[in-house]
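One structure below.
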Amino acid sequence: MDTHTRGASSPVQRFASELRRLRMAAGNLQVKTIAARAQCSSATVSEALNGRRLPGETVTCRLVAVLGGDWGRWQALWREARTELDTLKREGPEAPTEALRVGMVRYPDPTSFYRAAAERIRTARCEVRLTYVRLHPPGHWGAAEVAEYFSTVLQWARDHSGEGASARRIIGVPERDGEPRADYVQWLREHQEETTDIYAYEARVMPWTVSCAWHNTGLVDDSVTFLSFSGAGRQQLTGFSVEGPAFLAYFADSFDQAWGALEPLDTYLARHCR
């Protein structure tokens, strides 16, 4: 949803001005604190507060809750801003296109991709967002670099648990007729046991009913996006990374919207492991 705006009195900027007032009334919390409590990225919070982007309704609800606002009032404000934006887009001139300058690196195989992703995660400042949507759980990978990548994510979360950091993973679990595959359930149990005491790490489950894998994302802070694409074979994977906060912001919005709608890992397991 493209909500970038121009103009001194745009609906997004008016909405942001009200949001800043609410933040001040709540004690002027730091952006990273708001982001951690609202379970969204610092970039999303910053864009909302500075009027660069109108957050989605779900994200707005979480921000207002963190800042102690009345959601009934804020929902009306958000809908008013959203309606005005839609009207301006329909009636105004077509927005000019913008050429983004991004740095892209291509990785031809799983080893190079996972090695690069692990190296970048080790340098993350405060936030890592990941997806894993494949037909087979991570244990089927044979390369040492893949195992190191998964352990790097958890180690980063352990090392940063006391710093307001956040590592979140969306796991796509293959299901048929509402039942997850047995090998996935086993891995989910093991993953839950491994991560239960890591405060900065969270996982949520997306039921996956399509008989194919999907592309996966790794978002590090507000700086770099890793994208991987599965091949026909179990061990096949290629991908690339893109430097640039503007590019990452679109994937961050998509991730945060999905995150708010998905079931936590422990709740999912409680339903399927009785």
Less than 14 Å Cβ to Cβ from Arg204, Lys/Arg counted +1 and Asp/Glu -1: what total charge do the surrounding residues give? 0
For the chain, what is the calculated [θ] at 222 nm in deg cm²/dmol (nearest 500), taking -39500 (n - 2.57) for each run of four or more DSSP H residues and dividing by its residue count? -15000 deg cm²/dmol
Evaluate the Debye formula for the stretch 143-274 with equal point scatterers sitting on the alpha carbons, no solvent, and hand back log10 of I(q)/I(0) at q = 0.11, 0.12, 0.13, 0.17 Å⁻¹, in q order, two decimals. -0.44, -0.52, -0.62, -1.12
So for the chain, averaging the separation of alpha carbon pairs under 8 Å that are six or more residues apart and normalising by length, what relative contact order in percent results? 20
Residue by residue, what Karplus-based ³J(HN,Hα) values in Hz, rounded to whole numbers, does the stretch 258-272 have, using 6.51, -1.76 and 1.60 with θ = phi - 60° and x for Gly and Pro? 5, 4, x, 9, 9, 8, x, 4, 5, 5, 4, 5, 4, 6, 10
Counting only DSSP beta bridges fully inside the stretch 149-215, the antiparallel percentage to nearest 5 is 20
In whole percent, the fraction of accessible protein surface over the chain that belongs to carbon or sulfur atoms, probe radius 1.4 Å, stands at 51
Taking a probe of 1.4 Å and leaving out DNA, RNA and ligands, the stretch 99-158 shows per residue an accessible area in Å² of 48
With axes computed from alpha carbons, what is the tilt in degrees of helix 144-159 against the longest principal axis of the chain, rounded to the nearest 10 within 0 to 90? 50
Please state the charge dipole magnitude for the chain, taken about the Cα centre, from unit charges on C-beta atoms (+1 on K and R, -1 on D and E), reported in debye and rounded to the nearest 20. 440
Cβ crowding within 10 Å averaged over residues, with 255-261, 59-65 ranked highest first: 59-65, 255-261
P(r) of the chain over all Cα-Cα pairs, binned every 10 Å from zero, in whole percent: 6, 27, 32, 23, 11, 1
With both bridge residues required to lie in the chain, what share of the DSSP beta bridges run antiparallel, to the nearest 5%? 60
With every protein chain present, what is the per residue accessible area of the stretch 220-269 (1.4 Å probe, Å²)? 41
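The values are calculated or read from the model by the stated rules, or taken from the named source; none is laboratory data. Predicted model, so just to flag it, every value in this text is computed and none were measured. Don't worry about glycine lacking a Cβ; one is built from the backbone with ideal geometry, like all the others, and counts go over all protein chains shown. Protein only, heavy atoms only, side chains kept; ligands, DNA and RNA dropped before computing areas. Shrake-Rupley method; radii C 1.70, N 1.55, O 1.52, S 1.80 Å.
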